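Asks: Sharing a structure, written as C-alpha cells. Questions coming.
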Amino acid sequence: MFLWFNQPMTQSPYATFLSHYPAYSSTFALDELRQTDYSRLDRTGQVYLDFTGGGLYADSQINAQQQMLLGGVFGNPHSSNPTSQASTRRIESARESILRFFNASSAEYVVIFTSNASGALKLVGESYPFNESGHYLLTFDNHNSVNGIREFALVKGAAVTYVPVLPPRMRADDSRLEDFLAQSQPGAHNLFAYPAQSNFSAVHHPLEWIERAHALGWDVLLDAAAFAPTNKLDLSQVKPDFVPISFYKMFGFPTGIGALIARRSALAKLHRPWFAGGTITVASVQGEKHYLADAPAAFEDGTLDYLNIPAVETGLDHLRSIGMDLIHERVRCLTGWLLENMLEIKHANGRPLVKIYGPVDTELRGGTIAMNFVNPEGRVIDHRFIEESANRVNISLRTGCFCNPGAGELALGISSSELTTCFTRPDHEQRLTYDEFRLCIDNKASGAVRISVGLVSNFADVEAFLAFARGLTE
Ligand SMILES: Cc1ncc(COP(=O)(O)O)c(C=O)c1O
C-alpha cells in the first residue's frame, strides 16, 4: 500500500533547468519585461530564435519614438535654423550616448553614423591606405561584409591572408596567431579584422588579440555586430581601431542605422575616395577643389537619418536599464540548456540527431548555435527542409551560411580544391545559383541551421525548439 513512495519523483523540465542553471533565477526580471514590453511575442505565438539576425524592440521604445515625433519639429540638420538645431541636438546626444555605452572617451574615439555595420565596414575598406607592401589579415569566420574588404586590399596590391578556425569547435589556434601577426611589414599599413563573436559559431575570439596585433604593427578592426547585443564591450579596457555595429541587432528598432566607432588616431590614416553633401567644409566646381570636414562629418555622406537616430539613444537607455550582465547571463543559461539537450537527442538507432559547429559548452561563446540535422543513416538533412518544417510551427530560425562562407566551408568540410573546380567551370564564370553550387560540390551540405537567443528569450522558447527537434526523430 505504500508502494507509491518508491516511485521516483520526476522533476519538471523547468525545475531541472533551474537546478542546472541556478543563475537563471537572477534574470526573472526579463520574464516580467516580456509580459509588459514585448507582449506581442506571446500574443502572436511566435517563437523567435533569430536574435543574431535581428533584435526585437520593446513597446516602450516605440512609444518614446512616437512621443518624440509628435511632440517636436525637426528639420534637416545641415542648417542652423531652430528646427535644424533641434535635430542636431538629438544627433549629438545619441553620439555621446553611444560613447558612454561603450565606455569610450571622446578624446580617443569618434562615432560615425552609417546605415548598418556593413556600411561601417565599407567606409574602412574603401578608405584604408592599402598598398603593395600592406597586408589584410582576417579570420576565416568573418561576415561577408568583412570579407568584402579584401577586394579593396587586392585592387591596391596588398596581401590578403586568412587565419583558419578549427572545426568542430571553430576556434583559431591561438599559438599560431603570432606567426600570422609576424607577417606585417614594418612601416606599411596592415589591417587585422576579426569578429568579437562569430555570427556562425558564436565563438568569442580573445580581445587580448587587439594588443598583440598592435604590438606587431597592425591596425585592428573588431567586428562587434554579433557581440554587442549580449556582451559588454568596454573601450576603456580594449582599444580596437575600428568597431562596426548595427543597432537593430542590439535592440530591434530603429533599423537602417549603424555606426563605426573609430579611434581618432586610426581615422587620421583613412583617405576618403570621394566627397559628398555634408562631408566637406568647402567644395568648388570652378576651382576643382574640396576640403574635407573633420570627423565624424567627413565620413557621413549626405543627410543623416535624423528622425531615427534619436531612437538609438532610447534603445541604449533601454539596454542600460536592464543591464548587459543580466542579458548575458540569461543568454548563457538558455544556450547551455539548448546545447545540453540537443546533444542528447538521438534517433532510435542511437545516432545523434545533430552535429553542432562551435563550442558545446558555455565558455567564451554567445547565444548562437549553428548545426545540421542528421537522419538515422547519418546523412545531413537539407537545411531548407528544416526551415520549412520550423516555419509551420511558428519558429523563426535561420538557415544557409549566414553570410559567413569561411566558417561554413571549414565546418562542412568543403575543400578549397572543390571550390576552385566549381568556380572555374566555364559555365560558372558569370553566375552560379545555389542549386548549381550544391550540385558541383557533390551534393554535400552547403549550409546549416542557426538558432540564436537574446534579451527576451525564455524557457518556453527553447523548449519549443527542443520539442520540434525531438519530433524530427519520429
Ligand atoms: C558579425 C557580423 N558582422 C557584420 C554583420 C553585418 O550587419 P548588417 O547586415 O547589419 O550590415 C552581421 C550581420 O549579421 C554580423 O553578424
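The values are calculated or read from the model by the stated rules, or taken from the named source; none is laboratory data. None of the values given here were measured: they were computed from a predicted structure. Backbone-built Cβ (ideal geometry, glycine too); neighbour counts: all protein chains shown. The protein model used for the area step is the full one, side chains on, heavy atoms only, and it has no ligands, DNA or RNA in it. Shrake-Rupley method; radii C 1.70, N 1.55, O 1.52, S 1.80 Å.
Asks: For the stretch 62-107 and the stretch 281-344, write down the distance between their C-alpha centroids in whole Å.
Replies: The two parts, judged by their Cα centres, are 14 Å apart.
Asks: I would also like to ask the following. Can you tell me the FRET efficiency between R43 and S19 if r is taken as the Cβ-Cβ distance and R0 is 45 Å, rounded to the nearest 0.05?
Replies: Values: r = 31 Å, r/R0 = 0.68.
Result of the calculation: an efficiency of 0.90.
Asks: For the stretch 118-175, just run the numbers: alpha carbon Rg, then divide by 2.2 N^0.38 Å, N being how many residues it has. Present the calculation step by step, with values, prior to reporting the outcome.
Replies: Details: Rg = 12.5 Å, N = 58, 2.2 N^0.38 = 10.3 Å.
After normalising by residue count via 2.2 N^0.38 Å, the value is 1.21.
Asks: In addition: Mind pulling the angle between the C-alpha long axis of helix 309-322 and the longest principal axis of the chain? Nearest 10 degrees, somewhere in 0 to 90.
Replies: Approximately 40 degrees, to the nearest ten.
Asks: I need to check one value: relative contact order of the chain, counting alpha carbon pairs closer than 8 Å and at least 6 residues apart, in percent. Display every interim value, and only then the final one.
Replies: On the way: 833 pairs, mean separation 99.9, N = 474.
Relative contact order here is 21 percent.
Asks: Working out 0.36 nm times the residue gap between A107 and N144, then minus their Cα-Cα distance, what length gain in nm do you get to one decimal? Present the calculation step by step, with values, prior to reporting the outcome.
Replies: Details: separation 37, 0.36 × 37 = 13.32 nm, distance 3.14 nm.
This chain segment gains 10.2 nm when fully extended.
Asks: Can you give me the % of accessible surface on the stretch 271-402 that is carbon or sulfur? Probe 1.4 Å, all protein chains present, nothing else counted. Working shown, then result.
Replies: On the way: 3190 of 6220 Å².
Solvent-exposed carbon and sulfur of the stretch 271-402 make up 51 percent of the total.
Asks: Quick check for me: using +1 on Lys/Arg Cβ and -1 on Asp/Glu Cβ, what's the dipole size of the chain about its Cα centre, in debye to the nearest 20? Show your work: numbers first, answer last.
Replies: Values: 39 positive and 50 negative charges, 41 e Å.
Approximately 200 debye in magnitude.
Asks: Could I ask something else about it? Helix 324-344 versus the longest principal axis of the chain: what angle, 0 to 90°, nearest 10, using Cα atoms?
Replies: Helix 324-344 sits roughly 40 degrees off the main axis of the chain.
Asks: If you don't mind, another one. Under a Cβ-Cβ limit of 4.7 Å, which cysteines in the chain have nobody to pair with?
Replies: C333, C401, C403
Asks: Next question, about the same structure. What is the calculated FRET efficiency for K232 to K289, with r their C-beta to C-beta distance and R₀ = 30 Å, to the nearest 0.05? Before the final figure, lay out the partial values.
Replies: Details: r = 45 Å, r/R0 = 1.50.
Computed FRET efficiency for K232 and K289: 0.10.
Asks: Counting only heavy atoms of the protein chains, get the accessible area per residue of the chain (1.4 Å probe) and round it to a whole Å² value. Please list the in-between numbers first.
Replies: Working: 21280 Å² over 474 residues.
Heavy-atom SASA per residue in the chain reads 45 Å².
Asks: Can you give me the % of accessible surface on the stretch 1-116 that is carbon or sulfur? Probe 1.4 Å, all protein chains present, nothing else counted.
Replies: Numbers: 3830 of 6680 Å².
Heavy-atom surface of the stretch 1-116 belonging to carbon and sulfur, 1.4 Å probe: 57 percent.
Asks: What is the angle, in °, between the Cα long axis of helix 459-471 and the longest principal axis of the Cα atoms in the chain? Nearest 10 is fine, range 0 to 90.
Replies: With both axes taken from Cα atoms, the answer is about 60 degrees.
Asks: Decide, for the chain, between rounded, prolate and oblate: order the square roots of the alpha carbon gyration tensor eigenvalues as a ≥ b ≥ c, take rounded if a/c falls under 1.5, and otherwise choose prolate if a/b is larger than b/c, else oblate.
Replies: Numbers: a/c = 1.96, a/b = 1.31, b/c = 1.50.
Judged from the Cα gyration tensor, the chain comes out oblate (a/c at least 1.5, b/c at or above a/b).
Asks: Ignoring solvent entirely, what values of log10 I(q)/I(0) come out of the Debye formula for the stretch 345-457 at 0.17 Å⁻¹ when each Cα is a single scatterer?
Replies: -0.94
Asks: So, one more: In the chain, what % of DSSP beta bridges are antiparallel (nearest 5)? It would help to have the intermediate numbers written out before the result.
Replies: Values: 32 of 50 bridges.
The antiparallel fraction comes to roughly 65 percent.
Asks: Figure the gain on full extension for C403 and D173 (residue separation times 0.36 nm, minus the Cα-Cα span) and round it to one decimal in nm. Please report the intermediate quantities before stating the final value.
Replies: Numbers: separation 230, 0.36 × 230 = 82.80 nm, distance 2.28 nm.
So the chain would gain 80.5 nm between C403 and D173.
Asks: Next question. Normalising by the residue count of the stretch 266-400, find the relative contact order in percent from Cα pairs under 8 Å and 6+ residues apart.
Replies: Working: 118 pairs, mean separation 17.3, N = 135.
With pairs under 8 Å counted, the relative contact order is 13 percent.
Asks: Sticking with this structure for a sec: Using 0.36 nm per residue, how much length does the chain from R425 to R470 gain when fully extended, once their Cα-Cα distance is taken away? Don't jump to the answer; show the numbers that get you there.
Replies: Details: separation 45, 0.36 × 45 = 16.20 nm, distance 4.12 nm.
This chain segment gains 12.1 nm when fully extended.
Asks: What translational D, rounded to a whole number of µm²/s, comes out for the stretch 1-99 from Stokes-Einstein when the hydrodynamic radius is the Kirkwood one over Cα pairs, at 4 °C and 1.567 mPa s? The partial results should precede the final answer.
Replies: Working: Rh = 18.7 Å.
Roughly 69 µm²/s, to the nearest whole number.
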